[in-house]
Amino acid sequence: MKENSFVSTDLIRSAFSAAMSAMYRAEVPAYGTLMELVGKVNAETLAADPDMQARLEDTDSLERISEERHGAIRLGTPAELSMMRRVFAIMGMFPVGYYDLSTAGVPVHSTAFRPVGDLSLKKNPFRVFTSLLRLDLIADEALRNEAEQVLSNRQIFTAGAIALTEKAEREGGLNKADAERFVAEALETFRWHDKANVSPEMYHRLHDAHRLIADVVSFKGPHINHLTPRTLDIDAVQARMPDYDISPKATIEGPPTRKCAILLRQTSFKALEEPVAFQAEDGSWQEGSHTARFGEIEQRGIALTPKGRALYDELLNASRRIVRPAADGSNAAEYEKALADAFIPFPDSWAGIRAEGLGYFAYSLTAKGRKAKADTTKSLDSLIEDGLVQFDPIVYEDFLPVSAAGIFQSNLGDEAAQEFVASPNQQRFEHDLGARVLNEFDHYAGIEHASIADCRQMLSSAEAAE
Ligand code: OOG
Ligand code: NI
C-alpha cells in the first residue's frame, strides 16, 4: 500500500534539522564551537547530577537533548509566510503562539513552527521562530513601496520544494526518495547569499530605515540567522564562552538562575559582519558587508500555566522597574541581583510549583505504582502521597517575547533601538499565514491530562488483573 511507504513527518523533520545544522556549521564556524562547548557542559552536568540523568532517561527526554535546537528566519511577504507554513507542515511543524515585537522596536510579528504532540517532541523538537516583516510600521511611503516591489520579485522557494510540498499535500506524504529530495530542496530557502538583491544605495536607505528591513529585503532568501543548541547549564556555558574566543551578550535573558528551571533562559553572541556584494545601477558588483547572523544558546525549564506565566511576567517587570539591563553590560551585576531578588516569591521546588498550580507536569507510575492495586477514585494528590504516582516537569517548548526582543536588540546594535507604537495584529498575521496559530497552553494542558488519564487507566487495569 502506498501509505505504508510514506516517511514519517518526524523523520523528515529530524533529517531537516540535521541538514540545517551541518549547513550552518559550515557557514558560521563559531556555531560549531558553541555546539562543542554545549556538548561538554551537558555531559559534565549529567555526570555531576545522576538524579537529573535518571529522570531524563525515565521520561524518554535524554536522547533529544543533544539533537535539540531552534533556528530563526525573517520573511518579507504574506505569500512567503503561508508557503513556509505548508513546507513546515510536511515536517510535522505547526505554528504555535503569536509574538508581537513592535513594542520592542522591531517591526515584525512572529510565530514558532514546531512539533506539537508529546511523541513527536520526544523524537525531535526542532523549532523555527518565524517573523514576518511589517512594512506597515515604516513611515517612509516611497521606501515602503520600493521594498514591496523588490520583495514581490523574489522567489524564496525552489521549484522542487514547491512541487514536493504540493505532492505531499495531495498524496498525504512523501516516500523515501522524495523525502530526501524535499529536505535538500527546502534547505535552499535558508541558505546564506553573499550577493545582495539590491543596489548599495538602496541597501543603505533600507538600513537607515531599520537594520532589520535591510536584512529582510536585500537578499534572495530568508537566511537562517541563528541556530540554538539546548544546554542543561546556561550559566556554565556563558562563563566559559570567552575561553573559546566567543564573547556573549552581557546578561542572560529570562528568569534568574534557580534550582528548578522555569520557562526559558537564553544568551547569544553578537552577529558577525560578513562580506556581501551589491550590484550597482551600471551592473558592476561592489564589495560591502552585512551583519545578521549570530549564535545563541538556551536552557529550557518547566512550562508554566497561565497563573505561573502571569507571576513570571509580574516578577520580570518588577525587576525591570528597578534595573533595566544596559546593552553594554555596565549594570549586569546589578540587574542579576534585582532579578534574583524579584523572583524570591516564585517557589523553587517542583512540589511547591505544583502545589500552587504554577507549572505543568507529566504524571507516571512509580515502581510501586506499577505493581499496585489502587482505588482509582482517589485524588491525584493521595495517589502521589501513597507513593504510586510521580510527577516530572513538562518542558517549555515555546519562546518569550521580552527575551526575543532582547535577542533581536543585541544583534541590531543599540543605535537601532526605535520606538514604534505597540500594535499587535494577530488577526492580520493569521490571515497572512493562512491558518490560526495554536494556543501553547492548550497543548501543555493536553499532555498533562493525558498523562493523568494513563496513570488511572494503568492502575485500574492492574486492579482488574489481580
Ligand atoms: C529571532 C529572535 C528571537 C529567540 O530565541 O527568542 C529568537 C530573530 O532574531 O529573528 O530566536
Ligand atoms: Ni533564538
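Centre-to-centre separation between the Cα atoms of the stretch 104-160 and those of the stretch 81-101: 9 Å.
Kindly identify the stretch 21-61 as rounded, prolate or oblate by the Cα gyration tensor criterion: order the square roots of the eigenvalues as a ≥ b ≥ c, call it rounded if a/c is under 1.5, otherwise compare a/b with b/c, prolate if a/b is larger, else oblate.
On the way: a/c = 7.03, a/b = 2.26, b/c = 3.11.
Oblate.
For the chain, the relative contact order comes to 19 percent (Cα pairs under 8 Å, sequence separation of at least 6). Placing a pseudo-label 7 Å from each Cα along the Cα-to-Cβ vector at ARG320 and ALA159 gives an inter-label distance of 4.8 nm. According to the Kirkwood relation over distinct C-alpha pairs, the hydrodynamic radius of the stretch 290-340 is 13.3 Å. Each 20 Å bin from zero holds the following percent of Cα-Cα pairs in the chain: 22, 55, 20, 2, 0.
Note on the stretch 281-391: Cα-only Rg and Dmax are 23.8, 83 Å.
State log₁₀ I(q)/I(0) for the stretch 1-111 at q = 0.22 Å⁻¹ as given by the Debye formula over alpha-carbon point scatterers of equal weight, solvent excluded. Reported log10 I(q)/I(0), two decimals: -1.23.
Please name which of PRO248, HIS204, PHE88 has its Cα lying farthest along the dipole of the chain towards the positive end, using unit charges on Cβ (Lys, Arg +1; Asp, Glu -1) and the Cα centre as origin. Checked the options; the winner is PHE88. Look at where the Cα atoms of the stretch 184-233 and of the stretch 290-323 average out, and the two centres are 25 Å apart. Taking amide H as placed 1.01 Å from N in the peptide plane, ILE262 has its amide H under 5 Å from the amide H of ILE302, each at least 5 places away in sequence or on another chain.
Dividing the summed helix terms, -39500 (n - 2.57) for each DSSP H run of n ≥ 4, by the number of residues in the chain produces a 222 nm estimate of -14500 deg cm²/dmol to the nearest 500.
Please report, in debye to the nearest 20, how large the charge dipole of the stretch 304-343 is about its Cα centre when each Lys and Arg carries +1 at its beta carbon and each Asp and Glu carries -1 there. Walk me through the intermediate numbers first.
Values: 6 positive and 6 negative charges, 37 e Å.
Here the size comes out at about 180 debye.
If I take every Cα pair under 8 Å that is 6 or more residues apart in the stretch 304-343, average their sequence separation and divide by the length, what percent do I get for the relative contact order?
On the way: 24 pairs, mean separation 17.0, N = 40.
Relative contact order of the stretch 304-343: 43 percent.
Which one of ALA54, ASN42, SER17 has its Cα pushed farthest toward the positive end of the charge dipole of the stretch 2-58, where Lys and Arg give +1 and Asp and Glu give -1 at the Cβ? Going by the Cα projections, it comes out as SER17.
Reported to the nearest whole Å, the Cα centre-to-centre distance from the stretch 346-408 to the stretch 29-63 is 22.
Label zone of SER152 (point 7 Å out along Cα→Cβ, amide N under 19 Å): in the stretch 60-87 this covers 75-83.
Work out how much length SER199 to ALA277 would gain on full extension: take 0.36 nm times their residue separation and subtract the Cα-Cα distance, in nm to one decimal. Intermediate results must be reported in sequence, preceding the final value.
Working: separation 78, 0.36 × 78 = 28.08 nm, distance 0.92 nm.
Stretched out fully, the SER199 to ALA277 stretch lengthens by 27.2 nm.
Name the helices (complete DSSP H segments) of the chain with a Cα length along the long axis of 20 Å or more and a Kyte-Doolittle mean of at least 0.0, or state none. Numbers along the way, then the final one.
On the way: long enough: 9-27 (27 Å, 0.18); 29-48 (29 Å, 0.47); 306-322 (24 Å, -0.74); 440-465 (38 Å, -0.20).
Helix filter hits for the chain: 9-27, 29-48.
Extending 7 Å from the Cα toward the beta-carbon at both LYS337 and HIS431 defines two label points whose distance is 5.1 nm.
Under 4 °C and 1.567 mPa s, how fast does the stretch 107-180 diffuse according to Stokes-Einstein, given a Kirkwood radius computed over C-alpha pairs? Answer in µm²/s, whole number. My calculation gives 82 µm²/s for D.
Computed from the coordinates by the stated procedures, all read-outs in this text should not be read as laboratory data. Please read all numbers here as calculations on a predicted model, not as lab measurements. All Cβ positions, even for glycine, are placed from backbone atoms using ideal geometry, and neighbour counts span all protein chains on display.
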